[in-house]
Amino acid sequence: MGELRLMKGNEVLAEAAIRCGCDGYFGYPITPQSEVMETLMERQPWNETGMVVLQAESEVAAINMVYGAAGTGKKVMTSSSSPGVSLMLEGISYIAGAELPCLIVNVQRGGPGLGTIQPSQADYFQAVKGGGHGDYKLIVLAPSSVQEMNDFVDLAFELAFKYRNPAMILTDGALGQMMEKVELSDYKKRWTENEIAEKWGSWATTGKPSSRNRNIITSLELDSCKMEMNNRRFQEKYRQMEVEEQRYEMFSCDDAEYILIAFGTSARVCQKATEIARNKGIAVGLLRPITLFPFPAKIIGELAPKVKGFLTVEMNAGQMVEDVKQAVYEAGCTRRVEFYGRMGGIIPSPGEVVEAIERNFL
Amino acid sequence: MMEIKDILKPENLVYGKSKVLTDTIMHYCPGCTHGVIHKILAELIEEMGIQEKAVGVAPVGCAVFAYNYIDVDWQEAAHGRAPALATGIVRLNPDKFVFTYQGDGDLASIGAGEIIHACNRGENILVIFINNGIYGMTGGQMAPTTLENMVTSTTPFGRDVEMNGYPLKMTDLVAQLPGTSYVTRQSAQTPAAVRKCKRALKKGIQNVLDKKGTSFIEVVSTCNSGWKMTPVQANKWMEDHMFPYYPLGDMKDCEKEKPVEKN
Amino acid sequence: MAKIKGAVVVDNEVCKGCGLCVEACPEEVLALNREMNSRGYHYSYMENPDACIGCSNCGVVCPDACITVYRVKI
């Protein structure tokens, strides 16, 4: 059993980064995620594990510091909230194009524009469809508890390095600010220079020894035939992720006639809604996607023939619902897929969700 | 009378291409200053024995392919972001020799924020700033450094400072920042200037190896294609027009300021 | 007094005929060839080889690193 603490989600992100052997964090203050960098600065991990923490002059600079550091084979991350992540998209596209592993955390708030500082899930499309320019994908993990805020930091790095691809933890202001019991992970040692050279020497820019050719980190290829080949390679990688990494959790789905699909904070609401509906005699289950890319389309396809309908519950105007419709369609089914959501920083209540089930299906 | 073939012997070699410069033919226009600076940088990396610890950051602009020519590890930055990449690299790898190589559009326009803050933090990096007063790669548009009344493809009647502001002296700006240690403006149009510029670059590299803070070396350069001149004419034009506004010489040579001791 | 004698080798295929070496040569040794290389450039060559003193100025200013310089004392 690891160390038990009562902590805020944002604080746990910082603690988990230190404990998983993260080498560097570069960030810029923005509500509701500022506690990530504040916690790191308070903890002074450079004295403990050697992890570097730096407050950048902007989100644009922060993501490019991540780009540079990630290019040397180190475990690096940044965190921000929606408007800040919009600023980072240029850098994220370059990182994806240069095939570098790193972690970006988006503690979402309501948009568009400056929006609100309350929780939202309106950056779903931005996170899972690319966001920046070009055909690229991030590995997107959606925690729904403070415990998962801890667990997914290490998991995100593991997947990022496995696929040489940036990973994102897509969470929101509610989970960032919420205090819950968490079992912290044990400390992992940071990789040494030699370990990095051994693991990633074929691509990391750590200085060119005479024993190898120079490594070049770039997303540029002016020859369009070669650039298409690069894109083919990226797409193959994304397809491989879809085969191997679809993650989800199910509650009461075995005998369910109607299935709620929700991630993160709205999945917590839906868990309660499932209970209320069951007490009312409606056979409702919950499917909670953990990876938003790759989207758990396979299980949705398997569930589709067995149920009467799906209701996605999101804190946006209806984004993930499109991926659910696609998954049902691809499974050759015609089940109804409905949507209920709130916007602008409002979290739906379990009662509203049950009403939406009744309104749509009964 | 000695025959040429008798002179061309290895023991008589006095000047040749550095081994750190690759055999790839540079894509630059004939007479471009980039080639000269690449060459002396490669020579210094070889002479100072730092190929194994060098990591370069290439810009967006004509020098975007710098990584094809100098045989060290490289990263290719987004436009203007090279100092942020270099910060990330050097903070996590403090014993590497990290340098950025940027043009005036990259450094003085879109990347003005990143360079000011990197210099202000005193990142232990070498910044090579090629200033030819124009965007070369995209076809000769106005840069922040374009001289007053200078004709470019976006100032076809000359740069109007009422409309476009004044040519930006980045080097003067960063010399004011406590994080910089060596700030100088050089050129590379004559043998003497190239040799002097090489000495300045050497000093900048040595400062980074000695962890003295940011060394910033501007090279006032030509873009003969963009300026629509021959290479020889462009050098003359640079001496007559660029040098009066961008005077050559060292602006600062010290260690970066030490923090005030905490009580 | 020892006499100094130099010689220059230009990599014809790499040379872009920019003429900076011609301008930098103090002894008017170099000139641009009337012939072109395969890329269409009038490459630099020793028009007056006897005048070369091996000072390396041409090599130093060459942006394409295509000049090698040799020098002997006679």
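The values are calculated or read from the model by the stated rules, or taken from the named source; none is laboratory data. Since the model is a prediction, treat every value here as computed from it, not as a measurement. Here Cβ is always computed from backbone atoms with ideal geometry, including for glycine, and neighbour counts include all displayed protein chains.
Tabulated data
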{"item": "Some residue of segment A:65-84 being farther than 24 Å from A:ASP151 by Cα and aromatic (Phe, Trp, Tyr)", "result": "no"}
{"item": "In segment B:91-133, residue nearest to the other protein chains (Cβ to nearest Cβ) [restricted to those that are over 21 Å from B:ASP73 (Cα atoms) and part of a loop (DSSP other than H, G, I, E, B)]", "result": "B:GLY111"}
{"item": "Filter result for A:ILE290 (under 20 Å from A:ASN165 (Cα atoms) and touching a Leu at 6+ places or on another chain (Cβ under 7 Å))", "result": "yes"}
{"item": "Every residue from segment B:16-32 that is in contact (Cβ under 8 Å) with a residue 12 or more places away in the chain and more than 7 Å from every other protein chain (Cβ to nearest Cβ)", "result": "B:SER18, B:LYS19, B:VAL20, B:THR22, B:THR24, B:HIS27, B:CYS29"}
{"item": "Members of segment B:23-36 that are closer than 24 Å to C:ALA7 by Cα and surrounded by fewer than 22 Cβ atoms within 10 Å (Cβ to Cβ)", "result": "B:ASP23, B:ILE25, B:PRO30"}
{"item": "Evaluation of B:ALA188 against (1) within 14 Å of chain C (Cβ to nearest Cβ); (2) under 19 Å from B:TRP237 (Cβ atoms); (3) surrounded by fewer than 21 Cβ atoms within 10 Å (Cβ to Cβ) (one fails), failing number", "result": "(3)"}
{"item": "Members of segment B:62-80 that are in a loop (DSSP other than H, G, I, E, B) and within 17 Å of B:ILE130 (Cβ to Cβ)", "result": "B:TYR69, B:ALA77, B:HIS79, B:GLY80"}
{"item": "Sole residue being in contact with an Asp or Glu (Cβ under 7 Å, 6 or more places away or on another chain) and more than 14 Å from chain C (Cβ to nearest Cβ), chosen from B:VAL161, B:VAL174, B:VAL183, B:VAL260", "result": "B:VAL161"}
{"item": "Test set (1) under 14 Å from A:ALA14 (Cα atoms); (2) surrounded by 22 or more Cβ atoms within 10 Å (Cβ to Cβ) - A:ASP154 fails condition number", "result": "(2)"}
{"item": "Helices (runs of 4 or more DSSP H) enclosed by segment B:188-263 - at least 1 residues per element that are aromatic (Phe, Trp, Tyr)", "result": "B:224-227, B:231-237"}
{"item": "Which numbered condition B:GLU52 misses (of (1) facing another protein chain (nearest Cβ under 7 Å); (2) without any contact (Cβ under 8 Å) to a residue 40 or more places away in the chain; (3) farther than 23 Å from B:PRO231 by Cα; (4) in contact with an Asp or Glu (Cβ under 8 Å, 6 or more places away or on another chain))", "result": "(4)"}
{"item": "Matching helices (runs of 4 or more DSSP H) fully within segment A:1-103 where at least 2 residues are at the interface with another protein chain (Cβ under 10 Å from one of its Cβ atoms) and either within 19 Å of B:VAL57 (Cα to Cα) or within 19 Å of the chain's Cα centre (by Cα) (or both)", "result": "A:59-70, A:82-97"}
{"item": "Members of segment A:151-174 found to be more than 13 Å from the chain's Cα centre (by Cα) and either in a strand (DSSP E or B) or under 23 Å from A:THR31 (Cα atoms) (or both), listed by number", "result": "A:GLY173, A:ALA174"}
{"item": "Wholly within segment C:1-67, strands (runs of 3 or more DSSP E) carrying at least 1 residues that are closer than 18 Å to B:LYS39 by Cα, without any contact (Cβ under 8 Å) to a residue 60 or more places away in the chain and more than 9 Å from every other protein chain (Cβ to nearest Cβ)", "result": "C:4-10"}
{"item": "Scope segment B:37-49; condition without any contact (Cβ under 8 Å) to a residue 24 or more places away in the chain and either crowded, with 22+ Cβ neighbours inside 10 Å or at the interface with another protein chain (Cβ under 9 Å from one of its Cβ atoms) (or both); matching residues", "result": "B:LYS39"}
{"item": "Long-range neighbours under 8 Å by Cβ, at least six apart or interchain, first residue in the same structural domain as A:GLU257 (by TED's automatic domain parsing) within segment A:294-306, second among the hydroxyl-bearing types (Ser, Thr, Tyr)", "result": "A:PRO294/A:TYR238; A:PRO296/A:TYR248; A:ILE299/A:TYR248"}
{"item": "Of all residues making up segment B:55-77, the number that are surrounded by fewer than 24 Cβ atoms within 10 Å (Cβ to Cβ) and within 7 Å of another protein chain (Cβ to nearest Cβ)", "result": "2"}
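Yes/no matrix, rows are residues, columns are (1) small (Gly, Ala, Ser); (2) farther than 20 Å from A:ARG164 by Cβ; (3) touching a strand residue (DSSP E or B) at 6+ places or on another chain (Cβ under 8 Å):
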residue	(1), (2), (3)
A:ASP23	no, no, yes
A:GLN55	no, yes, yes
A:ALA70	yes, no, yes
A:CYS102	no, no, yes
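Let's see how each residue does on (1) closer than 30 Å to B:GLU46 by Cα; (2) not basic (Lys, Arg):
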| residue | (1), (2) |
| --- | --- |
| A:PHE152 | no, yes |
| A:LEU155 | no, yes |
| A:LEU159 | no, yes |
| A:ARG164 | no, no |
| A:LYS181 | no, no |
| A:LYS199 | yes, no |
| A:SER202 | yes, yes |
| A:LYS208 | yes, no |
| A:THR218 | yes, yes |
